[in-house]
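Structure, as structure tokens:
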Amino acid sequence: MEEFERELLWQKNRYKLLLQLTERLHSVLDVNILLGELNVSLKEIYPDFSYNLLLSQDTHKHSDLPIIDLEYDSENITAINAYISGTIQFETCLDSLHAIIYAPLIGKQGVYGVLQVIAVNTPEFPNNEVEFITLLAGAAGSAFENAQLYQQSRREISNLQLINETSHRLNSNRRLADTMTYMSEQIISSFDAQEVGFFLLSGNQEKVKTLPGSTSYFFTNQAQIYIDKIKEKIQKENDSLFIGDINLQEKNRIASFHSIIAIPMIESEDLKGFTIIMHQKPYFFSFATFQLLQSLVYHSSLALTNSMLREELERVIITDHLTKLQTRKYLDERIQCSMKEDLEGCFILLDLDDFKEINDTYGHQVGDDVLIQVANIIKSNIRGNDVGARWGGEELALYLPQVPFARGVAIAERLVEKVSKCSGPCITVSCGVSYWSKEHQDSYKCLFKRADEALYNAKTTGKNKVVTQEVLITLNEGTLT
């Protein structure tokens with residue numbers, strides 16, 4: 001009778017411990033913390049047993065717990081049977097007298113894994129132990145399901161916020177480069193992608209342009225093998241790509257990136273471009289990531305297309321159709337803005353010498369070609385923030401913000417030399433150079449006037465030369481004396 005009472009007390013304490021464990025597990029809404037709690041409890045309940053948790057790879061991030069990835073091609077058939085059937089399974093190792101029990105972690109919506117308990121020097125588990133382990137696995141499965149559903153709901157909210165914020169950003173009339181950079185940062189942050197690329201198709205979908213905002217890797221030669229392959233597959237399949245381990249040879253060596261997701265950008269059923277994210281590890285991206293990126297790109301495609309069309313329209317408005325230099329109106333605005341914000345700047349007014357003779361001798365088509373040649377020389381000799389513009393007729397202009405006077409003169413002289421050497425039929429140009437700085441009160445009208453007068457002096461004193469405002473002032477002073 002006394003032994004029976006001790007057994008009853010022991011069972012009572014065990015079930016009390018189980019109740020406490022159940023309450024503790026259900027109070028945790030983080031899967032990884034829950035697994036840690038379960039591990040501690042198993043050590044407390046079964047100090048003499050060995051145990052493992054068999055879980056799918058996408059349900060945990062722990063590496064320091066007795067967790068085994070549950071795979072369908074596993075040799076552990078008993079564990080797979082417990083997972084698929086949702087019923088407890090037994091296994092006995094006769095050589096070493098080990099009894100093994102596989103208890104499925106069951107929730108209301110499914111089975112989330114299997115608890116494996118190994119009893120050393122035990123031929124089989126007693127019925128009361130089987131019942132206790134079954135209840136323990138059920139409590140863990142229910143808590144695991146709650147934690148997963150909670151985290152899933154948080155992810156869904158986060159995903160909707162990401163799509164909403166990105167769509168709002170895309171529709172806020174920001175510059176395309178800023179928008180794409182924002183999207184790239186969001187994708188890297190949300191998906192842990194190592195490389196992100198945005199690509200626009202043109203020329204009957206043959207040419208691929210890498211858009212600003214793509215990570216720097218996609219502007220290298222090494223990335224071209226991926227861009228070409230993805231473009232080919234998207235055009236062929238006309239659908240998104242989810243590649244766990246791509247098989248490419250990158251210049252006689254194995255490709256650096258294995259996991260790839262590519263989403264086409266489609267507007268009005270036309271393929272406009274595509275987005276690529278990549279990681280070096282095989283099978284790095286989950287299917288949930290693939291679905292979210294699809295939603296993000298699909299929601300963004302129309303806004304991206306509109307943004308690109310808007311900027312293309314802006315470029316047309318501020319670009320001279322013949323020379324592809326900027327228009328005079330755009331030049332005026334840039335100079336006025338620079339004179340408010342910068343410390344100094346140089347203005348160069350350039351005129352093609354004897355241009356009428358070129359038109360009369362060779363025809364206007366050749367004259368246009370010569371004008372384009374000179375414009376191309378200008379474009380190849382200026383920085384990204386400099387402005388080359390068509391002033392009117394055969395007159396062209398350059399504005400160089402934050403450039404000292406001496407350097408501006410040197411640039412003008414280099415242009416004069418290059419035009420005389422590189423144009424065909426050969427033509428020369430004359431330049432007038434003016435300069436401003438914050439040290440002296442000035443206006444952009446006066447800046448233009450000084451350059452125009454210097455150009456006039458260059459044209460009337462021999463052509464094919466550079467005249468500066470300083471030279472002009474010296475000449476005027478000599479005339480006054």
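Taking amide H positions as placed in the peptide plane 1.01 Å from N, state which residues far from M265 in sequence (5 or more) or on other chains have amide H under 5 Å from it.
For M265, whose amide H was placed from the backbone, the distant partners under 5 Å are K272, G273, F274, T275.
Report, as a whole number in µm² per second, the diffusion coefficient that Stokes-Einstein gives for region 372-452 at 37 °C and 0.692 mPa s using the Kirkwood radius over alpha carbon pairs.
Working: Rh = 13.6 Å.
D = 242 µm²/s.
In nm, what is the difference between 0.36 nm times the number of residues separating R383 and E44 and their Cα-Cα distance?
Details: separation 339, 0.36 × 339 = 122.04 nm, distance 7.07 nm.
Working it through step by step, the gained length comes to 115.0 nm.
For q values of 0.10, 0.17, 0.18 Å⁻¹, compute log₁₀ I(q)/I(0) with the Debye formula on a Cα-only model of region 18-152, without solvent.
-0.29, -0.88, -0.99
So which trypsin sites (Lys or Arg not before Pro) in region 212-243 end up in coil per DSSP with only 11 or fewer other C-beta atoms within 10 Å?
Numbers: sites: K229, K231, K233, K236; in loops: none.
Taking region 212-243 and a limit of 11 other Cβ atoms within 10 Å, no loop trypsin sites (Lys or Arg not before Pro) are found.
Work from the charge dipole of region 328-480 (Cβ charges, +1 for Lys and Arg, -1 for Asp and Glu, about the Cα centre) and give the residue of G424, L455, I382 farthest towards its positive end.
With unit charges placed on the Cβ atoms, the residue in question is I382.
Using every Cα-Cα pair within region 333-416, state what percent have a distance larger than 17 Å.
50
Based on the alpha-carbon gyration tensor of region 328-480, what equivalent-ellipsoid semi-axes (square roots of 5 times the eigenvalues) come out, in whole Å, largest first?
Values: eigenvalues 133, 66, 32 Å².
The answer is 26, 18, 13 Å, longest axis first.
Given a cut-off of under 8 Å on Cα pairs at least six residues apart, what relative contact order in percent is computed for region 18-152? Don't jump to the answer; show the numbers that get you there.
Details: 226 pairs, mean separation 37.4, N = 135.
In percent, rounded to a whole number, it is 28.
Every read-out reported here was derived from the displayed coordinates using simple, explicitly stated rules and does not represent laboratory data. Remember, it's a predicted structure, so these values are computed and weren't measured experimentally. Every residue, glycine among them, receives a Cβ derived from its backbone with ideal geometry; neighbour counts consider all protein chains shown.
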